[in-house]
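The numbers here are math on the coordinates, done by the rules we state, and not lab data. These numbers were taken from a predicted model, which means no experiment stands behind them. Here the Cβ positions follow ideal geometry from the backbone for every residue, glycine too, while neighbour counts run over all protein chains shown.
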Amino acid sequence: MPVSVLLVDDQPLVRAGFRMILEASPELSVVGEASDGREAVRSAQSLLPDVVLMDIRMPGTDGAEATRQILSWALSLQHRIQVLAVTTFDLDEYVHSMLRAGAAGFLLKDTPPDELVAAVHTVAAGGAAVSPQVLRRLLRQFGSLLPSSTGPEEEAAPDPLTARERQVLRLLARGWSNPEIAAHLYLGETTVKSHVGHILNKLGLRDRVQAVVHAYESGLVRPGEGDTVAR
């Protein structure tokens, strides 16, 4: 069955653009649209989508409040709905409010179409999806709370990654996007995507967010390091 998606945005042209992108994938199906938070809650309750693509700044009930109501209602019925926040602004207050409300991801509206489609699949499968720019901001704020290495009594597992894959993982863990990694390492974006896929497969990780946590837990990246990683 295709992943069902509810689009929530107060701008019809934005909804039309998202619909065109998502329906180009045969594994996704847009089952409805809503123009504000209140309509989003009603639509989610009637349509039972797998994923709600939720704008944040809307008149009346905003995206964070709509997300809280949708997820609370779904939890009361033991039905899983995932919310993926999409906004033009990566302001801290928006990120924090949506994460507190229970959103499974946070993307900017200039996210490339293929990454948007991948993010919908990721959250539908129970994972988390965060734009590189937003992830970088979160790391600067909360990176010090992540463990920097394994304990002394733990024996480190053999590293299955190649030297190049470790370079890519270090940059990914700093919140760099695929184009930024490609430019820094003088690689094509397709090659970077391939490396990221190999990293996730070799380490048994679900998505980029899990890869970031792994990089901190393994000591590959430590809290407080700058954004620049030497080649």
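In a simple Cβ point-charge model (Lys, Arg +1; Asp, Glu -1; nothing else charged), segment 4-125 has a dipole of about 380 debye relative to its Cα centre. Annotation note: GluC sites (Glu not before Pro) in segment 1-91 located in DSSP loop regions with a Cβ neighbour count of at most 15 within 10 Å are Glu27. For segment 173-206, trypsin sites (Lys or Arg not before Pro) are listed when DSSP marks them as loop and at most 15 other Cβ atoms sit within 10 Å of their Cβ; the list is Arg206.
For Val221, the residues 5 or more places off, or on other chains, whose built amide H falls under 5 Å of its own are Tyr216. Remark on Ala34: its backbone amide H falls under 5 Å from those of Leu7, Val8, Asp9, a criterion applied only to residues 5 or more positions apart or on other chains, H modelled at 1.01 Å from N. Listed values for segment 74-89 are Karplus-derived 3J(HN,Hα) couplings in whole Hz (6.51 cos²θ - 1.76 cosθ + 1.60, θ = phi - 60°), namely 5, 5, 5, 9, 6, 10, 9, 10, 9, 10, 10, 6, 9, 8, 7, 10, and x replaces Gly and Pro. Computed from backbone phi, the HN-Hα couplings of segment 183-193 come to 5, 5, 9, 6, 10, x, 4, 4, 5, 4, 4 Hz, rounded to whole numbers (Karplus: 6.51 cos²θ - 1.76 cosθ + 1.60, θ = phi - 60°; Gly and Pro given as x). The reciprocal of the average 1/r between distinct C-alpha atoms defines the Kirkwood hydrodynamic radius, which for segment 1-73 equals 12.0 Å. Between the alpha-carbon centres of segment 1-36 and segment 170-188 there is a gap of 30 Å. Derived scalar couplings between HN and Hα for segment 12-29 equal x, 5, 5, 4, 5, x, 4, 4, 4, 5, 6, 6, 6, 9, x, 8, 10, 9 Hz in order, rounded to whole Hz, by the Karplus curve 6.51 cos²θ - 1.76 cosθ + 1.60 (θ = phi - 60°), x for Gly and Pro.
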